[in-house]
Amino acid sequence: MKIFAIESSCDETACAVVEDGRRVLSSVIASQVEEHRLYGGVVPEIASRRHAEAITGVADKALSDAGVSLDGIDAVAVTYAPGLIGALLIGVNFAKGIALAKNKPLIPVHHLRSHIAANYIAHPSLEPPFLCLVVSGGHSHIIEVQSYTEFRVLGRTRDDAAGEAYDKAARALGYPYPGGVEIDRAAKRGDKTHYKLPRPKVVGSPYDFSFSGLKTAVVNLIHNAGQKGEAVVKEDVAAAFQDAVSEILVSRTMAAAAETRAKTLVLAGGVSANSGLRARMQAACETQEVALYMPPLSLCGDNAAMVGAQGYYEFRAGNTASMDLNAVASLSIER
Ligand code: KG4
Ligand code: ZN
């Protein structure tokens, strides 16, 4: 079954053709990041406009790269939630147009489910059930993936998402948007013991996260140094921050793995590209004898191949939509 997939939830316009949920025939991504960088973050109105301009060309390229026409595909899958509402609407309406014109099934895909499904592309033997840490710019969840389409959230962030904390800390340090990858790069050159940063806990919720205090600690560190007329060693702050975030994410995820007796752990989302997180999770999984699956760097960020992968399993579960499908800015992965 060939699925034409569309992703437009944030600042990447992406289309792909994916066969049977696992084989990527094409994957095209048009990133808007250069333009948003001017403003230090994603400007929703600009994102919507750029999606509208880019989507036809991206779709055409995805079809021609795959060597198929719209008549040759079996269904259209699209990210419909969660995300920037105006951005999502471009993809949803484009998908509806194809489904209506070509009389193809329309498959709505939840963005976090698709991030998890990126791993099905990379790891042909991976199947649910497993435990998953999904860390992106908008979400930080520990999720029990019970089947391809059934999920239970065990833990979540109470304030900032991990990626959001990375981007805000990076901004305070003067790195350009998106700052996650900049901190990751700088951290490799820094001394993580030079500065002490907190590991905030959520009382009574062992699998929940709180990152806003950590971000504030970085801002205060820079501010206090500035007041004394000193400059912080940026690489050392980056290293301390990366150490704190990865320790928090790994310790809570491994506690959840022990509690649920999970034998398989999967990483997903943009922050799963982080080298500190990957290394620490690898080491923890070896110690705890848990099999670890991570997406390749090319599938960590937003793309449409992962939408085509999850779309296949949604279709098999009977989860199709009619022409009244709407985009939803905020929606639990469990529904
Ligand atoms: O999943 P994603 O591409 O978009 C959302 O669904 O939000 O995640 C984007 C987030 C951004 O906050 C970005 O800074 C972060 O992932 N990110 C990283 C790295 N690469 C991307 N954070 C830390 N280290 C990285 N190497
Ligand atoms: Zn994402």
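The values are calculated or read from the model by the stated rules, or taken from the named source; none is laboratory data. Because the structure is predicted, anything quoted here is derived from the model rather than measured. Because the Cβ atoms are built from the backbone with ideal geometry, glycine has one as well, and the counts that use them run over all protein chains shown.
General remarks:
- Among residues of the stretch 301-312 being assigned to a helix (DSSP H, G or I) and either of a type in the set (S, T, N, Q) or within 15 Å of Ser136 (Cα to Cα) (or both), the one that is nearest to ligand 2 (Cβ to nearest atom) is Met306.
- Residues of the stretch 1-31 classified as more than 16 Å from ligand 1 (Cβ to nearest atom) and of a type in the set (S, T, N, Q), total: 1
- Selection count, the stretch 94-135, where residues are away from ligand 1 (no atom under 16 Å from the Cβ) and either in a strand (DSSP E or B) or under 14 Å from the mean Cα position of the chain (by Cα) (or both): 5
To keep it simple, each residue is scored yes or no on (1) part of a loop (DSSP other than H, G, I, E, B); (2) within 16 Å of ligand 2 (Cβ to nearest atom).
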residue: Asp160; (1), (2): yes, yes
residue: Gly163; (1), (2): no, yes
residue: Tyr166; (1), (2): no, yes
residue: Ala169; (1), (2): no, no
residue: Lys192; (1), (2): yes, no
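- Checking each residue in the stretch 264-281 for being surrounded by fewer than 20 Cβ atoms within 10 Å (Cβ to Cβ) and in contact with a strand residue (DSSP E or B) (Cβ under 6 Å, 6 or more places away or on another chain) picks out only Thr264.
- Condition check for Asn303: surrounded by 24 or more Cβ atoms within 10 Å (Cβ to Cβ) and either within 16 Å of Leu126 (Cβ to Cβ) or in the same structural domain as Ala47 (by TED's automatic domain parsing) (or both): yes
Every residue, every condition in (1) touching a residue at least 40 places away in the same chain (Cβ under 8 Å); (2) surrounded by 14 or more Cβ atoms within 10 Å (Cβ to Cβ); (3) of a type in the set (Asp, Glu); (4) at negative phi, yes or no:
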| position | (1), (2), (3), (4) |
| --- | --- |
| Val24 | yes, yes, no, yes |
| Gln32 | no, yes, no, yes |
| Val43 | no, yes, no, yes |
| Arg50 | no, yes, no, yes |
| Lys61 | yes, yes, no, yes |
| Ser64 | no, no, no, yes |
| Val68 | yes, yes, no, yes |
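- Breaking point among (1) among the acidic types (Asp, Glu); (2) under 20 Å from the mean Cα position of the chain (by Cα); (3) within 16 Å of ligand 1 (Cβ to nearest atom), for Asp208: (3)
- When residues of the stretch 296-335 are limited to those that are out of contact with any Pro (no Cβ under 7 Å at 6 or more places or on another chain) and of a type in the set (Phe, Trp, Tyr), the one farthest from Ser48 (Cα to Cα): Tyr313
- Of all positions in the stretch 141-153, none carries a residue that is within 24 Å of the chain's Cα centre (by Cα), within 16 Å of ligand 2 (Cβ to nearest atom) and in a loop (DSSP other than H, G, I, E, B).
- Subset tally (residues that are closer than 21 Å to Glu144 by Cα and in a loop (DSSP other than H, G, I, E, B)) for the stretch 263-300: 7
- Subset tally (residues that are out of contact with any Cys (no Cβ under 8 Å at 6 or more places or on another chain), near ligand 1 (Cβ under 9 Å from one of its atoms) and of a type in the set (S, T, N, Q)) for the stretch 260-294: 2
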